[in-house]
Amino acid sequence: MLKTEMVLASESPIVPNISELILGIVAFLILLFILKKYVVPRFEKTYEERAQKIEGGIEKAEKAQAEAEKALSEYKAQLADARSEAAKIRDDARLEAEQIKAELREQAESESQRIVAQGHAQLQAQKAQIVAELRAEMGRNAVELAGRIVGESLEDEARRRGTVDRFLAELDTAGATNGAGK
């Protein structure tokens with residue numbers, strides 16, 4: 001039994017074999033050395049590159065955002081300028097339209113007054129012509145009638161004119177006194 005107990009003790013699953021334990025520790029140390037020498041620096045380098053890319057991306061995004069805000073503010077300023085300029089142009093156009101209206105109205109009034117004055121002048125000229133024609137006709141008729149009544153010829157031009165003018169003057173005075181007496 002002792003032998004079996006010794007065999008069992010040396011082959012115990014709980015107690016490790018010393019040579020295997022030393023070999024495991026050496027292999028672990030070699031693996032740890034290889035990881036520290038080759039793998040960890042690569043991980044560190046990759047981590048550092050990613051961190052720089054992320055920081056660079058954040059900086060780029062912040063710069064892009066600042067540029068976008070600057071462009072937006074410039075756009076808003078230009079839009080405000082354009083609106084104020086459009087309002088100014090609209091106001092100027094209104095003023096110009098009012099001036100044009102006033103000028104056209106003034107021209108129309110002056111043209112109307114000129115046409116009315118010209119019409120009055122034509123009427124006065126026609127009236128004077130008609131009055132002259134009527135006086136001449138009335139004079140001829142008066143001379144002819146007076147010649148029949150008086151029985152003498154009033155053909156003498158100077159006499160006839162004097163008689164006609166006297167007669168017309170008497171008519172004008174008689175018309176003026178009758179008009180004033182009413």
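Computed values, structure above
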read-out: Within segment 127-150, considering residues that are open to solvent by less than 80 Å² (accessible area, probe 1.4 Å) and more than 17 Å from G162 (Cα to Cα), the one modelled with the highest pLDDT; value: A128
read-out: Qualifying residue in segment 30-44 (condition: without any contact (Cβ under 8 Å) to a residue 12 or more places away in the chain, part of a loop (DSSP other than H, G, I, E, B) and surrounded by fewer than 10 Cβ atoms within 10 Å (Cβ to Cβ)); value: no
read-out: Qualifying residue in segment 118-126 (condition: in a helix (DSSP H, G or I) and more than 30 Å from F167 (Cα to Cα)); value: yes
read-out: Check on Q65, at pLDDT 90 or above and over 43 Å from the mean Cα position of the chain (by Cα); value: no
read-out: Residue in segment 80-94 that is part of a helix (DSSP H, G or I) and over 20 Å from the mean Cα position of the chain (by Cα) present; value: no
read-out: Residues within segment 6-29 that are open to solvent by less than 100 Å² (accessible area, probe 1.4 Å) and modelled with pLDDT under 55, tallied; value: 2
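The values are calculated or read from the model by the stated rules, or taken from the named source; none is laboratory data. For clarity, every value in this text was computed on a predicted model and none was experimentally measured. As a convention, Cβ positions derive from the backbone with ideal geometry for all residues, glycine included, and neighbour counts pool all protein chains shown. Just so you know, the surface numbers come from the protein's heavy atoms only, side chains and all, with ligands and any DNA or RNA stripped out. Shrake-Rupley method; radii C 1.70, N 1.55, O 1.52, S 1.80 Å.
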